[in-house]
Amino acid sequence: MQAQRDKVERLLKTARGQLDGILKMVEEDRYCMDISNQLLATQSILHRVNREIIHAHLQHCVKESLGGEESGQKIEELMALFDKLAK
């Protein structure tokens with residue numbers, strides 16, 4: 001993975017901590033809207049991580065494959081990812 005590893009790890013650990021907090025909130029039968037807000041915050045972090053990884057993929061893997069034999073495959077991978085993101 002070519003993404004900024006430290007940044008990605010920090011964000012993922014933050015999201016993991018938030019998920020642990022959300023589980024505790026559910027166990028404690030906390031207010032639904034508070035839980036929902038925490039879920040949205042965690043999703044936001046995961047989206048940031050995904051953008052970071054996609055950016056690194058474009059800058060390294062895709063850029064290196066342009067004009068090469070793998071360029072078609074890399075484009076298909078990105079199209080499949082965009083289809084998933086659009087859902």
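The values are calculated or read from the model by the stated rules, or taken from the named source; none is laboratory data. Everything quoted here is computed from the prediction, not taken from an experiment. Cβ coordinates were reconstructed from backbone atoms using ideal geometry, including for glycine residues, and neighbour counts include every protein chain displayed. Protein only, heavy atoms only, side chains kept; ligands, DNA and RNA dropped before computing areas. Shrake-Rupley method; radii C 1.70, N 1.55, O 1.52, S 1.80 Å.
Summary of computed values
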{"item": "Residues of segment 1-57 satisfying the condition of being in a loop (DSSP other than H, G, I, E, B) and open to solvent by 100 Å² or more (accessible area, probe 1.4 Å)", "result": "1, 2, 4, 29, 30, 31"}
{"item": "Some residue of segment 58-67 being open to solvent by less than 100 Å² (accessible area, probe 1.4 Å) and among the acidic types (Asp, Glu)", "result": "no"}
{"item": "Top-ranked residue of segment 29-87 - restricted to ones that are among the acidic types (Asp, Glu) and modelled with pLDDT under 95, ranked as farthest from residue 4 (Cα to Cα)", "result": "69"}
{"item": "Residue 83 open to solvent by 90 Å² or more (accessible area, probe 1.4 Å), out of contact with any Phe, Trp or Tyr (no Cβ under 6 Å at 6 or more places or on another chain), in a loop (DSSP other than H, G, I, E, B) and among the charged types (D, E, K, R)", "result": "no"}
{"item": "Any chance residue 65 is of a type outside the set (Lys, Arg), free of Cβ contacts under 8 Å to residues at least 12 places away in the same chain and under 24 Å from residue 86 (Cα atoms)", "result": "no"}
